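What follows is a set of notes on a single structure, which appears directly below.
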Amino acid sequence: MRRSLPLFCFLILALSQIWADSPAFDLTGPKIDVHVKRGDVTLPISQAPNLLPGDRLWIHPDFPQSQSERYVLVVAFLRGATNPPPPDWFTHVETWTRQARNEGVFVTVPQEAQQALVFLVPETGGDFSTLRKAVHDRPGAFVRAGQDLQAASWDRMRLDAYLNEVRVTSQTDPRTLKERAEAAARSLGIKLDQQCFDKPTDQQAPCLTQHTDGMVLDDANAQSLVSQLASGTAGDLMNQLSYSSVGGGGQFSPYIGAIVDTAKILASLHTAHFQYIPALALPTKDTLNLRLNLPPSFRDPKSVVVIALPPVGPSKAPPLHPSNPLESSCVQKPGLVLPAEGAPLVFATDLAHDLALHIETKQGPVDEPIVADAAKGGLVPQKPLPVLPSGELTGVIRGKWGFDDWEGPRFELLSAGPQKWAVAADDQSALIVGRDDTLHVKGNSTLCVKKVELRKPSGGDPVALKWKAARPDLLEVGVPLKDATPQTLLLDIHQYGVEKPDTLDLDAYAEAASLEHFTFSAGDREAILKGTRLDEVAKATLNQITWLPAGLTRVQDFDQLTLNTEGSTLDLDPGKSYTAKVLLRDGRQLKVPVTVNPPRPQVTLLNKGTQDNAQQTPSVRMGSPDDVPLSSRLVFFLKSVVPETFPRNQNVEVAAADGSFHTVLSLADGSLMLEDSKTALGTVEPLARFGSSAFGPLRARAVSSNGIAGDWMPLGTLVRIPGFKELRCAHGANKPCTLTGTNLFLAASISATEDFSNATEIPPDFTGGQLMVPHPASGGVLYLKLRDDPQTVQTLTLPVTVVSPANLPGGQTSAAIQTQPASAPATPPADAAPAAKPEQQ
């Protein structure tokens, strides 16, 4: 042992160096044709994953006519590592004979056989007996070598399938190299170097095919490809060497075990005449294509080629399964692929054959031929599937695994049919012209969607849209509307196998209103909506209360829309969050947050009136109850509505409609006085509160103690009255009169008749103290229009003083002045002149 161990180590190291310096099994060996017959069925060797006792093998050595070295073909059956085979389990075939060349040889697998090997032995004296003795004496070594050689052959077929796919794709369609290489690696159980795809395109394929010895991953369904070697010091040493840096550091593929076993055979069975070299058998149909790792020697010691046949025993069905069991596939989609993995031999060999996709339908079963395609990552129908009933279906893979019936994985399928699509709720109003939008469309399934197009109802060519399946039931569609106008468009969703598209109406809108906030106080019938483009608002609803637009104003950079309602808002809780629905004029519906403020104070005006100074008799009688003389006292009664009682800390604001003046009444200063718990009397002396320049519409509102104001109520129109003093008239009905007073410019016109047919117009810039006015018809009554309320006719009543013409301006006499009571008609002189226009004095 001490002497053989260094030599053994040297052999291992030498083999490792040879392996590292040259590709593994790159030498082409001879070909051997093999058929396997079981019962009435005959299969080529490429479709036989196993042998059974009683199987009849047809073996035909396919040597060229020019073969100069004669080989003896020996078929040997083994029955375990500890039970040497009997002599009759060896079949001797002289390959150079006419019968062997033309007819081959038939061999039957004996009972109790567990392994089958083929040896190609150079013809020498005692070649057959020498080989038979070597196998008989050391069956365990050949059992192990046969197992590893068979597993290595299958692994090599996986690797070759991957390498061939990479080479072909890189030459024919480099753009799909990454996709197809990844699919092939996943299907075949190959270790892929993702860093290769970071290289330039022309360098990717060479990178992907480098270091092939380390690419093949373990196949759980096959025999263990790197197994525990024979027990003992030498076996342990070989295991350690194969995983050391000297022996490759684990970079080699699992079929390095075949070489290690060959090294054992060389170390233990080397004779003066023979050395044993392994061969990988790569079947194509009925031909075993042999690949050698070491060049055979035709001088002593001559090389014996060792070839493994499929193992003897029951077969094990491949554990092929869907890549994603929850995923469905569209049966009408061209290039249908049923993704599957877990059984590399299904993709790398012909062991799984006569495969079909079996589908049960209401019209009966459907079976369509199908093949395994590693580059596509699954099972592919050989032709388009026939028309199937629409809906969900289940397909199961059926076929043969060698001689045995095989039922493989099940796949969820979908046969397309017309379906209903709907725009997602959040996208109902998403399409805005002038920009590109993304639309989410819901349906039953997106698996069979072929394309999505947009067209106008009026006609024209449809526009193909970009889309993707965001979920199995949701399409995400890009809709370009930069150059579109607001209109209704048609969205056509085409599905594979469905003649007519599913059509969906889409409304493309102008830029939508932007809603910021909706605000009102509980109990109010008026609300304020803030935002932009509020001219598009048709109405707003909240808790079955409807508001309609009443007025739109622009405040800085946003719109403010006033809305009114006939419903009651008293039941809305100010502390609660609400959301109102806003309907636009084009039919879109938006949402806006609502703020409900606490109730504002509300009062109603029961009555109002004016009180004159008790020390003076007014000369002007107001023609409208809404006119409030500036010099009078305004009194009014208010009744509290919200709250039901009039709070003692509540004030009343009285102000001009244009906000030019205002005052606040309160119980504290006596300007407000409670009549009872609900009613208050307000008193305002406008002249004292507002000054002599106050005029125009007057209004009032309640203001709570925390500053919340109620609605304005009109109190009337504040008017200023000139200080009329005296009316002097000469005798005669047609004689004009002189009206004296102060601030006469506050009167717009004065007439003797109520229809103002012959009125005296007072200029707005009149500064005089007396006016020539028409002679009053009777009783000193004239009609007056005030500049602060020119639409209302007021009545002016003054005592008439009769004077002589000499005392009248403009030619009147100096006759004594005779004063007549206002109630007596004035009799002007017969020669009195007509009324003159106002004169400034």
Legend entry - For a label point 7 Å along the Cα-to-beta-carbon line of Thr361, residues of segment 327-348 with backbone N under 20 Å: 328-338
Inset, instruction - Order the peptides 602-609, 154-161 from the highest to the lowest mean number of other Cβ atoms within 10 Å of their residues. - result: 154-161, 602-609
Legend entry - 0 to 90° range, to nearest 10: angle between helix 177-188 axis and the chain longest Cα axis: 60 degrees
Inset, instruction - Straight distance only, please: which lysines reach the Cα of Lys133 with their own Cα at less than 29 Å, same-chain residues fewer than 8 apart left out? - result: Lys31, Lys264, Lys302
Legend entry - Cα→Cβ-extended label distance, 7 Å offset, between Lys500 and Thr553, nm: 5.6 nm
Inset, instruction - Give, to the nearest whole percent, the P(r) tail of the chain beyond 46 angstrom, counting all Cα pairs. - result: 60 percent
Inset, instruction - With θ set to phi - 60°, apply the Karplus curve 6.51 cos²θ - 1.76 cosθ + 1.60 along segment 665-676 and write out the HN-Hα couplings as whole Hz, x wherever there is a Gly or Pro. - result: 9, 8, 5, 5, 9, x, 6, 10, 9, 6, 7, 8
Legend entry - Hypothetical label at Ser429: residues of segment 575-597 whose amide nitrogen lies under 12 Å (7 Å Cα-Cβ projection): 580-593
Legend entry - Segments 143-153, 493-503 sorted - mean Cβ within 10 Å per residue, highest first: 143-153, 493-503
Legend entry - Relative packing of 754-762, 539-547, which averages over residues the other C-beta atoms within 10 Å, highest first: 539-547, 754-762
Inset, instruction - Round to the nearest 0.05 the FRET efficiency obtained for Asp473 and Arg398 when R0 = 25 Å and r is the Cβ-Cβ distance. - result: 0.20
Inset, instruction - Starting from the exponent 0.38 and prefactor 2.2 Å, build the expected Rg for segment 614-699 from its residue count and divide its actual Cα Rg by it. - result: 1.19
Inset, instruction - For Lys451 paired with Asn649, estimate the spin-label separation in nm (one decimal), with each label point 7 Å from Cα along the Cα-to-Cβ line. - result: 7.5 nm
Inset, instruction - Using amide H atoms built 1.01 Å from N in the peptide plane, name the residues 5+ places from Ser521, or on other chains, whose amide H lies under 5 Å from its own. - result: Asn597
Legend entry - Nearest 10 degrees, 0 to 90: helix 256-269 Cα axis against the chain principal axis: 20 degrees
Legend entry - In sequence order, calculated HN-Hα J values of segment 130-139 (Karplus, 6.51, -1.76, 1.60; Hz; x Gly/Pro): 5, 5, 4, 5, 5, 5, 5, 6, 10, x
Legend entry - Residues of segment 458-602: accessible area per residue with a 1.4 Å probe, Å²: 55 Å²
Inset, instruction - With a 1.4 Å probe and every protein chain kept in, tell me what percent of the accessible surface of segment 574-625 is carbon plus sulfur. - result: 45 percent
Inset, instruction - Measure up Lys420/Lys500; Lys333/Lys376; Lys316/Lys400; Lys376/Lys500; Lys37/Lys285 against 18 Å on the Cα-Cα distance and list the ones that go over. - result: Lys376/Lys500
Inset, instruction - Starting from the Cα-Cα distance between Thr108 and Ser297, subtract it from 0.36 nm times their residue separation and give me the gain in nm to one decimal. - result: 64.9 nm
Inset, instruction - Hand me the tally of lysine pairs in segment 608-741: alpha carbons under 24 angstrom apart, and the pair either on different chains or 8 or more positions apart. - result: 4
Legend entry - Mean separation of Cα contacts under 8 Å (6+ apart) over length of segment 414-565, as relative contact order %: 19 percent
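The values are calculated or read from the model by the stated rules, or taken from the named source; none is laboratory data. Keep in mind that what you see is a predicted model, and the values were worked out from it rather than measured. Backbone-built Cβ (ideal geometry, glycine too); neighbour counts: all protein chains shown. Just the protein is used for accessible areas: all its heavy atoms, side chains included, with ligands, DNA and RNA removed. Shrake-Rupley method; radii C 1.70, N 1.55, O 1.52, S 1.80 Å.
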